[in-house]
1. Calculate the mean, over all residues of peptide B:91-100, of how many other protein chain Cβ atoms lie within 10 angstrom of the residue's Cβ.
2. What full-extension length gain, to one decimal in nm, is calculated for residue A:29 and residue A:108 as 0.36 nm per residue of separation minus the Cα-Cα distance?
3. Can you pull the mean other chain C-beta count within 10 Å for peptide A:116-122?
4. Could you calculate the contour length gain from residue A:87 to residue A:11, that is, 0.36 nm times the residue separation minus the distance between their Cα atoms, to one decimal place in nm?
5. Once both labels are modelled 7 Å past Cα along the beta-carbon direction, what's the residue B:88-residue B:27 spacing in nm?
6. Would you kindly state how much longer the chain becomes between residue A:120 and residue A:99 on full extension, computed as 0.36 nm times their sequence separation minus their alpha carbon distance, in nm to one decimal?
7. Partner chain Cβ atoms within 10 Å, averaged over the residues of B:68-77 - can you pull that number for me?
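Each value in this text was obtained by applying a stated rule to the coordinates, not by laboratory testing. For clarity, every value in this text was computed on a predicted model and none was experimentally measured. Every residue, glycine as well, gets a Cβ built from its backbone with ideal geometry; the counts of neighbours run over all protein chains shown.
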């Protein structure tokens, strides 16, 4: 049984967003801006992770180089962010899922589980649901 | 004859037992959230936590104020004043519930442990708020409304 998982980790202040590596098709660094990418017929529609988190958490937009994540999935889409990316292999036992009605609520919002570090929190997310929710909120 | 006497003795044995049987009492943890007063059975509360950091959650209802970290476990924080349409609470005091839903209630103040008889509480089956409360009662010293949150959160 698989006991660890690789994640793409993006830090936003005290909050880290962890995207399962298995859901990412390709990662491009220093690419064009999201709007340019969306106009490129070779790339699926772009969702800005920075804008989503700014709206959801009120987190300031980072100022690093742009990173484009081309996601797997039926509809296909690209996630853009200026947060500094890192790859982390994390034992699954270190994550804390929630249960009951809280779990059903958070899973709908794209939050799969949490991992608390010393003074920060890591959110393992389902990007597709997070993007869907962000779209529904527009 | 001896049978009658035996029956009378038996009845007399039962009479004092009935006379001294006490009304069932229930102890409540009474707390306030804004202007309202609520009560929970203490067994429904796992822990009372003060001054802990809240981490935000995306795209959740406005009465969910984030998640708190208790010994590495996450609990979604519900502001019950906000839930009932009142102003958000500013206090950093939480009741972590023991109901398997990983929920903490944001509250204003712990009042006391209050013991009352079952007769002192009225069922709220036909009341508007019966989706959230089971019973109501008056706690004279607070002149307030005391309710039991529905543990099934119907």
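1. The per-residue average across the peptide is 1.
2. My answer for the length gained is 25.5 nm.
3. On the way: counts 9, 2, 0, 1, 1, 7, 0.
What the average comes to for A:116-122 is 3.
4. Numbers: separation 76, 0.36 × 76 = 27.36 nm, distance 1.14 nm.
Length gained between residue A:87 and residue A:11: 26.2 nm.
5. Using points 7 Å along Cα→Cβ, the separation is 3.6 nm.
6. Taking 0.36 nm per residue and subtracting the Cα distance, the gain is 5.4 nm.
7. Neighbouring Cβ atoms belonging to other protein chains average 4 per residue here.
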